[in-house]
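Notes follow the structure.
The values are calculated or read from the model by the stated rules, or taken from the named source; none is laboratory data. Here the structure is a predicted model, which is why all the values come from computation and not from measurement. Ideal geometry is used to build each Cβ from the backbone, glycine not excepted, and the neighbour counts take in all protein chains shown. Side chains are part of the model used for accessible areas, which takes the heavy atoms of the whole protein and leaves out ligands, DNA and RNA. Shrake-Rupley method; radii C 1.70, N 1.55, O 1.52, S 1.80 Å.
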Amino acid sequence: MNAADLKATLAKHAEWLSDPATGERADLRGANLIGADLSGANLTDALLGYADLTRANLVGTGVRVWQSDFYAAYTVPGQLGRLLAFGCERLKLAAWDRDVAEICQEHEPERAAEYEREIRALVAMCRAIFPDEQEREQGDNQ
């Protein structure tokens, strides 16, 4: 994705956050964002699955990225609470707490215990890094 397209996508996303009828949610899934300057962008509820954020400037976005041995994980602010994506799943932290064992068993039965420990650690880290977002986690899904 070139800089002009990224700028336009982020502008439409900002509009969508203000009024979903006029803007468009940022869909950056699979985008090559290596070294992109996303600093200060409001990425609340942006779709970032499988985007390459290597060396991207994420200062002020609320996004954090981690690389596992096989999966990338990222966290992004959501209007209804902080979201954590790991592999193909993107859930609120409370939903990870509730369903992580079942999800890991379903997707990676041979490594379920390992991934469950990793995801629980990521959820705890999200809560430690973003403690002010706890009150928005009251609902169950997404």
Q: Using only the alpha carbons of segment 48-138, determine the length spanned along each of the three principal axes and report them from longest to shortest in whole angstroms.
A: 38, 32, 18
(Q) Can you give me the solvent accessible area of SER39 with a 1.4 Å probe, rounded to the nearest 10 Å²? (A) 50 Å²
Q: Report the label-to-label distance for ILE34 and ARG117 in nanometres (one decimal), using points 7 Å from each Cα along the Cα→Cβ vector.
A: 3.3 nm
Q: Name the long-range amide H neighbours of ALA72: under 5 Å, sequence gap of 5 or more, or other chain; modelled H, no Pro or chain starts.
A: GLY87
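I need the calculated FRET efficiency for the pair ARG25 and ARG98, taking r as the beta carbon distance and R₀ as 35 Å, to the nearest 0.05. Let's see the in-between values first.
Working: r = 26 Å, r/R0 = 0.73.
Rounded to the nearest 0.05, the efficiency is 0.85.
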Q: Could you tell me the accessible area of LYS7 in Å² (1.4 Å probe, neighbours in place), rounded to the nearest ten?
A: 150 Å²
Q) What residue among ASP27, ASP19, ASP37 shows peak mean-square fluctuation when the chain is described by a Gaussian network model with Cα springs under 10 Å? A) ASP19
Q: Would you kindly calculate the translational diffusion coefficient of segment 1-71, applying Stokes-Einstein with the Kirkwood radius from alpha carbon pairs, for 4 °C and a viscosity of 1.567 mPa s, and quote it in µm² s⁻¹ without decimals?
A: 104 µm²/s
Q) Using 0.36 nm per residue, how much length does the chain from GLN67 to ALA128 gain when fully extended, once their Cα-Cα distance is taken away? A) 20.1 nm
**Q.** Hypothetical label at GLN105: residues of segment 114-131 whose amide nitrogen lies under 18 Å (7 Å Cα-Cβ projection)
**A.** 114-120
Q: Calculate how many DSSP beta bridges within the chain are antiparallel, expressed in % of all such bridges and rounded to the nearest 5.
A: 80 percent
